[in-house]
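> Sending over a structure as structure tokens; questions will come in a sec.
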Amino acid sequence: MKDFPYTESKDTRSGFGAGLAELGASNPNVVALCADLTGSLKMDAFKKAFPERFFQVGIAEANMMGVAAGMTIGGKIPFTGTFANFSTGRVYDQIRQSIAYSGKNVKICASHAGLTLGEDGATHQILEDLGMMKMLPGMTVINPCDYNQTKAATLAIADYEGPVYLRFGRPVVPNFTPADQKFEIGKAWTLNEGTDVSIFATGHLVWKAVLAGKLLAEKGINAEIINIHTIKPLDDAAILASVRKTRCVVTAEEHQMNGGLGDSIAQLLAREEPLPLEMVAVHDSFGESATPDQLMEKYKLNEAAIVAAVEAVMKRKK
């Protein structure tokens, strides 16, 4: 099992803020819109440096999506910022009708996703957003794993023509991917080559998969660990190449089992390579108020849960 040292832990939303500020300096067409959460989305640096390109729309998320769609007609590249729940569930009609249907070049940037929002509770802990957004025709869906990758993804989506959903979060997590990485939309990233099981993880669960890989290695299990930072378009070729070698699969995500990464990979396997699959995800449940660590343990979204899923799926392996 490869070692992935890290010198610091950072929140992924700060990676978005750093990337947005860098884009402001390099691309005059980039504009930013926020629904009264500038500090929470780490958009302060952009606002301070480029006040004429920053638009505070207030607590009016649906209006923000309509304004962003309109800005693209004039050649602007709008980045909208608010919590994931308000970026999707509250404004799904506006995204579907005004952005996705007409293929508008809007970047929907969503923080505070999943159970790791912690004490804010179930009303804010959206666990359905990846499924909602990936079902929209033409929508690209990205869920990076750490600060560096979130910054790199933010830079990359500015050069991509079309609507994008970029998901990140509030908790501090290990920052273990290279600062100078080139982010390729739709290209999976193999973190560890293995022969016994394929672990496909996304977002905050990527680091948990790395920790699980170390525990599995102590048990003599050689896991292939792949970071699926792009949920849509899915890297079918990389996934199939891995599973044809290992012959069993575990997926890991901070999302509902229905509609998430595991759902997408299950569909791919059903079409191309039917194999045993276990999913580490939330099982048809809302969240609740507690610390992020308490919630990740209760809902079994940690390295221990991934190890258990691997042991279960390997028993089904033929």
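What follows is calculated from the coordinates using simple rules that are stated; it is not laboratory data. The model shown is predicted, which means the values in this text are computed figures rather than measured ones. Cβ: placed from backbone, ideal geometry, glycine included. Neighbour counts: every protein chain shown.
> Report, in deg cm²/dmol and to the nearest 500, the calculated mean residue ellipticity at 222 nm for the chain, where each DSSP H run with n ≥ 4 adds -39500 (n - 2.57) and the sum is divided by the residue count.
Theoretical 222 nm ellipticity from helices: -10500 deg cm²/dmol.
> How high is the relative contact order of the chain, given as a whole-number percent (alpha carbon pairs under 8 Å, six or more residues apart)?
Normalised by residue count, the contact order of the chain is 18 percent.
> Go through segment 201-217 residue by residue and turn each phi into a ³J(HN,Hα) via Karplus (6.51, -1.76, 1.60, θ = phi - 60°); whole Hz please, and just put x for glycine and proline.
10, 9, x, 4, 7, 5, 5, 4, 5, 5, 4, 5, x, 5, 5, 5, 4
> Using the alpha carbons of the chain, what is the convex hull volume per residue in cubic angstrom, as a whole number?
118
> Considering the Cα positions of segment 1-46, please state its Rg to one decimal place and its Dmax as a whole number of Å.
Over segment 1-46's Cα set, Rg and Dmax evaluate to 14.0, 44 Å.
> Could you give each residue of segment 303-318 its phi-based ³J(HN,Hα) in whole Hz, using Karplus coefficients 6.51, -1.76, 1.60 with θ = phi - 60°, and x for Gly or Pro?
My calculation for segment 303-318 gives 5, 5, 5, 5, 4, 4, 5, 4, 4, 5, 6, 5, 5, 8, 6, 10 Hz in order.
> Could you give the dipole magnitude of segment 9-174 about its Cα centre, charging the beta-carbon of Lys and Arg +1 and that of Asp and Glu -1, in debye to the nearest 20?
220
> Summarise the long-distance tail of P(r) for segment 243-318 by giving the % of C-alpha pairs beyond 18 Å.
Result: 43 percent of Cα pairs exceed 18 Å.
> Only four residue types carry charge here, +1 at the Cβ of Lys and Arg and -1 at the Cβ of Asp and Glu. Report the dipole size of the chain about the Cα centre in Debye, rounded to the nearest 20.
440
> Separate question: If you line up the Cα atoms of segment 9-174 on their principal axes, what length do they span on each, largest first, in Å?
Taking max minus min along each principal axis of the Cα atoms, segment 9-174 gives 40, 32, 27 Å.
> What residues have an amide H closer than 5 Å to that of HIS255, excluding those fewer than 5 places away on the same chain, when H is modeled at 1.01 Å from N in the peptide plane?
Amide H to amide H, under 5 Å and 5 or more residues apart or across chains, HIS255 pairs with VAL282.
> Over all pairs of distinct alpha carbons, what does the Kirkwood formula give as the hydrodynamic radius of segment 189-315, in Å?
Its Kirkwood hydrodynamic radius stands at 14.3 Å.
> Quick one: Cα centre-to-centre distance for segment 204-230 and segment 1-74, in angstrom?
31
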